[in-house]
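First comes the structure, then the notes that go with it.
The values are calculated or read from the model by the stated rules, or taken from the named source; none is laboratory data. The structure displayed is predicted, hence computed values, not measured ones. Note: ideal-geometry Cβ built from the backbone for every residue, glycine included; neighbour counts use all protein chains shown.
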Amino acid sequence: MNTTSPMHFSFLMMPEYTLSAFSNAIGILRMANRLSMRKLYSWTIHSLDGNPVTSSAGLKLAIDGSLDDAKFTNILMICGGYSIKKYCTKELIEGLRRISKRKIPLGGICTGTYALASAGLMDGYRCTIHWENIASFREEYPGLDISSGLFVIDRDRYTCSGGISSIDLFLHLVATIHGHQLVQQISEQFTCDRVRTENDTQRAPLKYLIGSSKPKLVDAVTLMESNLEEPLTLNEVSDYVGVSRRQLERLFKNNLNITPSRYYLELRLSRARLLLIQTSVPVIDVAISCGFSSAPHFSKCYSDLFGRSPSSERRTLKTRTTTAEDFNIEIEGSYFGNTA
């Protein structure tokens, strides 16, 4: 494929799809074309049978064709929304599997990930879905590696949690091919103060991530979140929640696959990262406000989790340019590994 040809996205609209998540994705592609004054991207809109489908907002878009009409595409994105499970029919599953056999990369927006999973096309991949669906998704597909991140890119699978996270995903895809400078210009047009990364998580109530059947665990996490500057000991957390320390450790291990001490540490480091990104507060003050008594200890813990020191975090964010290797995408030849 000529690398000057527009990269083509096909969007499969599921009934009751979330209109805002879809329009955000299209908006990024449109703005890339406008600012570059070239047709870098093209797109078509599909439904399973080629007939219009209604969004959760009650609106209908003109449809370009059926799923099987998405013959010359570089990537197929499935746009989900409410009640996704009832629309994952045998016909849809068979259609998605036909697309997959053609080695076309696949993605899911909002609950579109569920459709891919129902067709067995997320096996062995890391993925994400909207936070309201995470607990039930994990229960139904316990073998999947499901993240609570805003978006996940794993080889030829591209999933995001919906809402404005489709902006973040598509900005990263644009950066992969056309560079950080264009993404910066797009971000300014969308009044985005920064491009969020895969390290950013959905801000979701814990009860939606693990279900509502573990109130003691929810209480423990809520307590930790309220005491970041002066961290409690695990014995104190256990006493406040009303369980033994061993029970607390078992709750975290069985439901979050992490120790409570590690979870608490990552909460504090995640808060520190937000302060480093969004403010000009000195690093030592960030460390203290997140419960670290010394800068060296803070720096070591931060580097272990995020792969760079706190002081380099701000420099990295200002100069970061996403490369094709980050997403396992080959620029020369075919986009996203598509050889069709």
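Here are the numbers for this structure:
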quantity	calculated
Answer from Ser55, Ser10 - the residue that is touching a strand residue (DSSP E or B) at 6+ places or on another chain (Cβ under 7 Å), at pLDDT 95 or above, under 25 Å from Ala175 (Cβ atoms) and hydroxyl-bearing (Ser, Thr, Tyr)	Ser10
Hey, Thr73 part of a strand (DSSP E or B), surrounded by 13 or more Cβ atoms within 10 Å (Cβ to Cβ), polar (S, T, N, Q) and assigned by TED's automatic domain parsing to the domain that holds Asn133 or not	no
Boolean, Glu229 is assigned to a loop (DSSP other than H, G, I, E, B), in contact (Cβ under 8 Å) with a residue 24 or more places away in the chain, within 27 Å of Val286 (Cα to Cα) and in the same structural domain as Asn74 (by TED's automatic domain parsing)	no
Scope the range 140-164; condition at pLDDT 95 or above and polar (S, T, N, Q); matching residues	Thr159
Every residue from the range 304-335 that is closer than 29 Å to Arg157 by Cβ, modelled with pLDDT of 85 or more and surrounded by fewer than 15 Cβ atoms within 10 Å (Cβ to Cβ)	Asp304, Gly307, Arg308
Qualifying residue in the range 36-44 (condition: in a loop (DSSP other than H, G, I, E, B), within 19 Å of Gly108 (Cβ to Cβ) and modelled with pLDDT of 95 or more)	no
Residue tally, condition among the β-branched types (Val, Ile, Thr) and in a loop (DSSP other than H, G, I, E, B), over the range 76-93	1
Check on Phe292, of a type outside the set (D, E, K, R), in a loop (DSSP other than H, G, I, E, B) and surrounded by 13 or more Cβ atoms within 10 Å (Cβ to Cβ)	yes
Filter pass, Gly50 being surrounded by fewer than 20 Cβ atoms within 10 Å (Cβ to Cβ) and either outside any strand (DSSP E or B) or not aromatic (Phe, Trp, Tyr) (or both)	yes
Residue that is farthest from Gly65 (Cα to Cα) [pool: residues in the range 7-21 that are more than 19 Å from the chain's Cα centre (by Cα) and not in a strand (DSSP E or B)]	Glu16
Answer from Ile93, Ile109, Ile78 - the residue that is of a type in the set (A, V, I, L, M), touching a helix residue (DSSP H, G or I) at 6+ places or on another chain (Cβ under 8 Å) and surrounded by fewer than 24 Cβ atoms within 10 Å (Cβ to Cβ)	Ile93
Only listed residue being loosely packed, with under 15 Cβ neighbours inside 10 Å, assigned to a helix (DSSP H, G or I) and either in contact (Cβ under 8 Å) with a residue 12 or more places away in the chain or not assigned by TED's automatic domain parsing to the domain that holds Ser293 (or both), chosen from Tyr264, Tyr240	Tyr240
Selection count, the range 2-42, where residues are aliphatic (A, V, I, L, M) and on the phi > 0 side of the Ramachandran plot	1
Any chance Leu67 is within 21 Å of Arg155 (Cβ to Cβ) and out of contact with any Pro (no Cβ under 9 Å at 6 or more places or on another chain)	no
Top-ranked residue of the range 114-139 - restricted to ones that are surrounded by fewer than 18 Cβ atoms within 10 Å (Cβ to Cβ) and at pLDDT 90 or above, ranked as nearest to Phe170 (Cα to Cα)	Arg126
Sole exception among (1) farther than 24 Å from Leu29 by Cβ; (2) in contact (Cβ under 8 Å) with a residue 12 or more places away in the chain for Gly124, by number	(2)
